[in-house]
Amino acid sequence: MEKIYAKITGVHGYVPDYILTNQELETMVDTTDEWITTRTGIKERRILKGADQGTSVIGIESVKGLLEKTNTDPTEIDLIICATTTPDMVFPSTANIIASGVGAVNSFSYDLQAACSGFLYALATGAKFIESGSYNKVVVVGADKMSSIIDYTDRTTCIIFGDGGGAVLLEPTTEEVGIRDSILRSDGSGAEFLHMKAGGSRRPATVQTVEAREHFVHQEGATVFKFAVTNMADVSAEIMKKNQLDAEDIAWLVPHQANLRIIDATAKRMGVGPEKVMINIEKYGNTTSGTIPLCLWDYESQLKKNDNLILAAFGGGFTWGSVYLKWAYNG
Ligand code: UT7
């Protein structure tokens, strides 16, 4: 029997309308546009405003657009996986809400949590369902409403994160395109450096946890930066070596958008020039699970069939990884 590969047959993204600029942040915390730009590369980020607007809004808009542009009937979708760190609720899963919101009434759906590496974990997982031959249409969503867990009095985190996300459709092919390989890693000893203290089963919400501002992202930036630079660069170099790929074989590096300096270090380690690196951090900031699908969406028109892409991410957990794929269509 011929080997089945999972190919991406479409990508679509969604970002909310509200733009939170560095200039507005200057009025909220002790920071400057110059500091944010030089230390991170971010100029602005999007914020999902309004009551009862959760991550599912981003997911539903992304998937609706995806189904429309790929001419896919929602009832044909077998599975929706939503990578998110900011689910609408603890339960049910945001993927359940997205499935219902887009009319994917025949699909099963679940969330996957791997912080900023979530989309890569979900993409690799979704591909396995296709490669098994059991399923034909799998939607992988990466979406986060980070503004719901950001302390807008903490200048070390509020300048980084934004809201947004995107989705891809995976379908089977026997052509040698699609997801070719993945290397995924985690190390829970990194939890102390990047986490949200309260709101989980260990420390449920109380008046005290709210007063102590424990329902917000806690990040020890410099330590996370050190691990991110090393691990994202190492795992990207590792997947190239494993697949006998040289820098000239790579059409695009698609990095998680956490900090321009981490992206530059990863590209340098791979020997890939800046013209081959997808970057949109300046307009969206770090949207956690959303960064990689938002990059693919922004650059879709420049992608060509058989382009070799290396996707790479690092995030809370710690989690990190890389995916090697061959793009399956001309954008
Ligand atoms: O996506 C998930 C994984 N997360 C990441 O990959 C993020 C990794 N970390 C980073 O990107 C960087 O560490 C940050 C952007 C978060 C911070 O940049 P940094 O160059 O590592 O700065 P730092 O934390 O070492 O702080 C340097 C100085 C400090 O002042 P002192 O102690 O030297 O006087 C901070 O208080 O910069 C200060 N600082 C700021 N100054 C102006 C921190 N945030 C700000 C700010 N504006 N927003």
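Report whether or not Asp30 is charged (D, E, K, R), more than 21 Å from Gly165 (Cα to Cα) and within 16 Å of the ligand (Cβ to nearest atom). Yes. Considering (1) assigned to a strand (DSSP E or B); (2) under 12 Å from Thr9 (Cβ atoms), the lone condition that Val141 does not fulfil carries the number (2). When only residues in the stretch 285-331 that are without any contact (Cβ under 8 Å) to a residue 40 or more places away in the chain and part of a loop (DSSP other than H, G, I, E, B) count, which is most open to solvent (accessible area, probe 1.4 Å)? Residue satisfying both the conditions and the ranking: Asn330.
Out of the stretch 274-284, which residues are closer than 24 Å to Gly59 by Cα and open to solvent by 30 Å² or more (accessible area, probe 1.4 Å)? Walk me through how you get there before you give the answer.
Going through the stretch 274-284, the residues closer than 24 Å to Gly59 by Cα turn out to be 278-284.
Matches in the stretch 274-284: Ile279, Glu282, Lys283.
Looking for something more than 17 Å from the chain's Cα centre (by Cα), of a type in the set (D, E, K, R), within 16 Å of the ligand (Cβ to nearest atom) and not assigned by TED's automatic domain parsing to the domain that holds Met196 - is there at least one such residue anywhere in the stretch 40-60? Within the stretch 40-60, one or more residues are more than 17 Å from the chain's Cα centre (by Cα), of a type in the set (D, E, K, R), within 16 Å of the ligand (Cβ to nearest atom) and not assigned by TED's automatic domain parsing to the domain that holds Met196. Picking from residues in the stretch 259-273 that are buried (at least 20 other Cβ atoms within 10 Å of the Cβ) and assigned to a helix (DSSP H, G or I), the one that is nearest to the ligand (Cβ to nearest atom) is Ile262.
Checking each residue in the stretch 208-258 for being surrounded by fewer than 16 Cβ atoms within 10 Å (Cβ to Cβ), without any contact (Cβ under 8 Å) to a residue 60 or more places away in the chain and in a loop (DSSP other than H, G, I, E, B) picks out Ala212, Glu220, Gln244, Asp246.
Scan the stretch 92-108 residue by residue and report those that are surrounded by fewer than 20 Cβ atoms within 10 Å (Cβ to Cβ) and of a type outside the set (S, T, N, Q). Answer for the stretch 92-108, where residues must be surrounded by fewer than 20 Cβ atoms within 10 Å (Cβ to Cβ) and of a type outside the set (S, T, N, Q): Pro92, Gly101, Gly103, Val105, Phe108.
Conditions (1) open to solvent by less than 10 Å² (accessible area, probe 1.4 Å); (2) in contact (Cβ under 8 Å) with a residue 40 or more places away in the chain; (3) among the aromatic types (Phe, Trp, Tyr); (4) farther than 29 Å from Gly41 by Cα, marked per residue:
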{"site": "Ala122", "(1), (2), (3), (4)": "yes, yes, no, no"}
{"site": "Gly142", "(1), (2), (3), (4)": "yes, yes, no, no"}
{"site": "Thr157", "(1), (2), (3), (4)": "yes, yes, no, no"}
{"site": "Leu169", "(1), (2), (3), (4)": "yes, yes, no, yes"}
{"site": "Glu175", "(1), (2), (3), (4)": "no, yes, no, yes"}
{"site": "Asp181", "(1), (2), (3), (4)": "no, yes, no, yes"}
{"site": "Leu184", "(1), (2), (3), (4)": "no, yes, no, no"}
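The values are calculated or read from the model by the stated rules, or taken from the named source; none is laboratory data. Here the structure is a predicted model, which is why all the values come from computation and not from measurement. Neighbour counts are summed over all protein chains in view; Cβ atoms, including those assigned to glycine, are modelled from backbone coordinates with ideal geometry. Note: accessible area is taken over every heavy atom of the protein model, side chains too, but ligands, DNA and RNA are not part of it. Shrake-Rupley method; radii C 1.70, N 1.55, O 1.52, S 1.80 Å.
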